[in-house]
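J.: Encoded as structure tokens, here's the structure I'll be asking about.
The values are calculated or read from the model by the stated rules, or taken from the named source; none is laboratory data. Everything numeric here is computed off the predicted structure, so don't read it as measured data. Using ideal geometry, Cβ is built from the backbone for each residue, glycine included, and neighbour counts are taken over all protein chains shown. Remember, those area values only see protein heavy atoms, side chains included, never the ligands or the DNA or RNA. Shrake-Rupley method; radii C 1.70, N 1.55, O 1.52, S 1.80 Å.
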Amino acid sequence: MDRLSVLDAEFLHTEDEVSHLHIAGLAIFAGPPPAYEDLVGLLASKMHLIPRYRQRVRAVPLDLGRPVWLDDPHFDLSYHVRRTALPRPGDDGVLCDLMARLMGLPLDRNRPLWETWLVEGLSDDRWALVLKVHHAMVDGVSGVALLGVLLDVDPDAPLPDPQPWSPAPEPSGAARVVDAWSGLASDAAALADSLLGALRDPLAALGSVGRTGAGLLQLGRHLGTTPPLSIEGTIGPHRSWAHASSSLADVRTIRDAFGGTINDVVLAAVAGGYRALLLERQEDADHAVVRTLVPVSVRSDTAQGVLDNRVSAMLYELPVGVEDPVERLALVHEQMDRLKASSMAEAGEVVTTLGNLAPPMLVGSLSRVAVRLMHRLPQRSVNTVTTNVPGPQLPLHCLGREMLEYLPFVPIGFGVRVGTAILSYNGRLAFGVTGDLDTAPDVAVLADGIVASVDALRSRALASMRAATAGDPS
């Protein structure tokens, strides 16, 4: 039996009727849409490569173990592959509305936790796929790997023959308990082995403990409450969604001109987008504190392609109070360097590792109690989430049609009314902004503000390069 990790399971424990914890992508393709039957045939031909798509989550009796993935004895591919069409004129506005509506609907816990929607009727001879997967199954990196399995680099790639499959019998509740506790014992033994290994080099072990402690201290310092803003507070079950994009080459130009990393440029642009949103809402952007959770992948090379969650996180205060985009970027670069040196992400990974040893009954119960408390007393430590995932830098195809864009969706949770996902594909950076429909229907202001910040930085970068060239005596 394949058990969920404590992090995978947490995405199930903390989901409720208003916080739907699935991630998604909107893939837009050129040309006429395929027949529904052909799309079903494509997915049928790939099922043996993604066995998780035919498995559902089953609980261990009395929460004596973490939930497990088991074959769905009633698996029906046609239930998961769905079809819809946009009303005329099929423009971007109605496409965003459709995406938001689909993201406001939970996945069926009694079935494998995914859906694929074929969307017809887009303007300019295009069509789309909405790829919706529960966060308990994938994180951003493994979600991109999943995209690479479903689509092809070669537009003329033949479909593999579907392989025969029959579901394995579902083990009894007692067998699931025994397996859970034997797995817990294995986790404990692995941790003991690592501790014994650390004792062979006590100086290195002491340094690791010191870094973890420092990281935990920094994490604690960033968990204080922030001054109230309209982007935080209670949410409902319905979503708004908007997107925008920039050239990856432009972002590299900015990085080369002003230093830092691509991620620094992205965070500076996101900060500019939040500044634009707060100003549009007539809030005091100059003195606002916008603390974002930034997921950090801790996936090793040996775990590439594995469908699960292997992430830690950092907490970072976006410098929305800085008006000048170049000054904002410099501040992001300086602060991110300090944050990376603080070992906050490493501390988060240690906490997750130790969480795998915690009694599942206790973890699940505490998570559900925390969810109920957050409905009454929403948290104000984290204002938003910003996730940046590298995607494939070459064209992908579905049944011979080229994918033009891949636009990401990130879920929002308790106290967080707005979230931003960034994903690169084939030379473009796509920004997908999720909002709570009732309190943040204006997320397009944020999406447009991010791109406007990139454009402003690009103009300044080119001007800086021209000035440098003009001053070069050679």
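J.: Which residues, taken from region 150-181, are part of a loop (DSSP other than H, G, I, E, B), open to solvent by less than 70 Å² (accessible area, probe 1.4 Å) and under 30 Å from Glu402 (Cβ atoms)?
T.: Answer for region 150-181, where residues must be part of a loop (DSSP other than H, G, I, E, B), open to solvent by less than 70 Å² (accessible area, probe 1.4 Å) and under 30 Å from Glu402 (Cβ atoms): Leu151, Pro155, Ala157, Pro160.
J.: Does Ala467 fit the bill of being open to solvent by less than 60 Å² (accessible area, probe 1.4 Å) and closer than 20 Å to Val326 by Cα?
T.: no
J.: Can you find even one residue in region 34-45 that is in contact (Cβ under 8 Å) with a residue 24 or more places away in the chain, open to solvent by 20 Å² or more (accessible area, probe 1.4 Å) and in a strand (DSSP E or B)?
T.: No.
J.: Another question, then. Give me the strands (runs of 3 or more DSSP E) completely within region 56-149, filtered to those with at least 3 residues that are crowded, with 21+ Cβ neighbours inside 10 Å, ordered by residue number.
T.: 114-122, 126-134
J.: Residue check: is Ser300 in contact with a Gly (Cβ under 6 Å, 6 or more places away or on another chain), at pLDDT below 95, of a type in the set (S, T, N, Q) and over 24 Å from Ile231 (Cα atoms)?
T.: Answer is no for this residue.
J.: Separate question: Run down Leu404, Leu457, Leu396, Leu446 and say which single residue is under 23 Å from Asp154 (Cα atoms), buried (at least 19 other Cβ atoms within 10 Å of the Cβ), in contact (Cβ under 8 Å) with a residue 60 or more places away in the chain and among the aliphatic types (A, V, I, L, M).
T.: Leu396
J.: Within region 224-233, can you find the residues that are open to solvent by less than 20 Å² (accessible area, probe 1.4 Å) and either touching a Phe, Trp or Tyr at 6+ places or on another chain (Cβ under 9 Å) or not polar (S, T, N, Q) (or both)?
T.: Across region 224-233, the qualifying residues are Ile231, Glu232, Gly233.
J.: While we're here: Among the residues of region 268-320, which ones are under 30 Å from Val68 (Cβ atoms) and in contact (Cβ under 8 Å) with a residue 60 or more places away in the chain?
T.: Leu293, Pro295, Ser297, Arg299, Gln304, Gly305, Val306, Leu307, Asp308, Asn309, Arg310, Val311
J.: Shifting gears a bit: Residues that are open to solvent by 50 Å² or more (accessible area, probe 1.4 Å), at least 1 per element: which strands (runs of 3 or more DSSP E) completely within region 234-325 meet that?
T.: 290-297, 311-318
J.: Report, by residue number, each residue of region 418-474 that is polar (S, T, N, Q) and at pLDDT 95 or above.
T.: Thr420, Ser424, Asn426, Thr434, Thr439, Ser453, Ser459
J.: Any chance region 414-430 includes a residue that's of a type in the set (Gly, Ala, Ser) and surrounded by 24 or more Cβ atoms within 10 Å (Cβ to Cβ)?
T.: yes
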